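The values are calculated or read from the model by the stated rules, or taken from the named source; none is laboratory data. Computed from a prediction, not measured in an experiment: that's the story for all the values here. Note that we place each Cβ from the backbone using ideal geometry, even for glycine, and neighbour counts take in every protein chain shown. Note: areas computed on protein heavy atoms with side chains; ligands, DNA, RNA excluded. Shrake-Rupley method; radii C 1.70, N 1.55, O 1.52, S 1.80 Å.
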Amino acid sequence: MKLYSLSVLYKAEQKAVLLKAAYDVSSFSFFQRSSVQEFMTFTSQLIVERSAKGSRASVKEQEYLCHVYVRNDSLSGVVIADSEYPSRVAFTLLEKVLDEFSKQVDRSEWPSGCPASIYYTALDDYLSTYQNPREADPMSKVQAELDETKIILHSTMESLLERGEKIDDLVSKSEVLGIHSKAFYKTARKQNSCCAVM
């Protein structure tokens, strides 16, 4: 999972104006970096120009995903990431950046702004912080912990079954389960077994 670009733009009537951007092109060849950066800027502007106000979208281009968020006040953000990067985290990042940008940069500067004239320094920090979505986003961290727990639970059940015990045998031997619970388990087992794909 990798973030390559984080841009803040203004959607004017005719074109999108780049206000500020941060790039991580370290994974590209040294001689390709400036071209890749220019292409990312061009792509970001094009996506914002073609997106409606108040919309969010993800556009796939080869193995990359471009996530765009255009607010109703024409302030826009674009994240360019690889296809594995979680969309929800990208849109959370865009919302956070655009809210912070709108508070720090006066609205009157947006239509005529350019990267040199806009003072906003947080993009590089956000780009490096969100390289690992699990660390930057609390929901991703919780999801990763749940996935790990699920893996542990599956391995525990497999090790239990490897010892020669089957769940069916355990259910039939159980003194704690009532007759109705055992009947429910058997019925559910029959229902699930008819639909198994081999």
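Is it fair to say Ser76 is among the small types (Gly, Ala, Ser) and without any contact (Cβ under 8 Å) to a residue 60 or more places away in the chain? It would help to see each step written out before you state the result.
On the way: among the small types (Gly, Ala, Ser): yes; without any contact (Cβ under 8 Å) to a residue 60 or more places away in the chain: no.
Considered against the rule, which asks whether it is among the small types (Gly, Ala, Ser) and without any contact (Cβ under 8 Å) to a residue 60 or more places away in the chain, Ser76 comes out as no.
If only one of Ser29, Ser5, Ser58, Ser35 is free of Cβ contacts under 8 Å to residues at least 24 places away in the same chain, hydroxyl-bearing (Ser, Thr, Tyr) and either open to solvent by less than 40 Å² (accessible area, probe 1.4 Å) or not in a helix (DSSP H, G or I) (or both), which one is it?
Values: Ser5 fails: free of Cβ contacts under 8 Å to residues at least 24 places away in the same chain; Ser58 fails: free of Cβ contacts under 8 Å to residues at least 24 places away in the same chain; Ser35 fails: either open to solvent by less than 40 Å² (accessible area, probe 1.4 Å) or not in a helix (DSSP H, G or I) (or both).
Among Ser29, Ser5, Ser58, Ser35, only Ser29 is free of Cβ contacts under 8 Å to residues at least 24 places away in the same chain, hydroxyl-bearing (Ser, Thr, Tyr) and either open to solvent by less than 40 Å² (accessible area, probe 1.4 Å) or not in a helix (DSSP H, G or I) (or both).
Can you give me the ranges of the helices (runs of 4 or more DSSP H) entirely in region 81-189 with at least 2 residues that are modelled with pLDDT of 65 or more?
Working: elements: 87-104, 122-129, 133-136, 138-162, 167-173.
So the answer is 87-104, 122-129, 133-136, 138-162.
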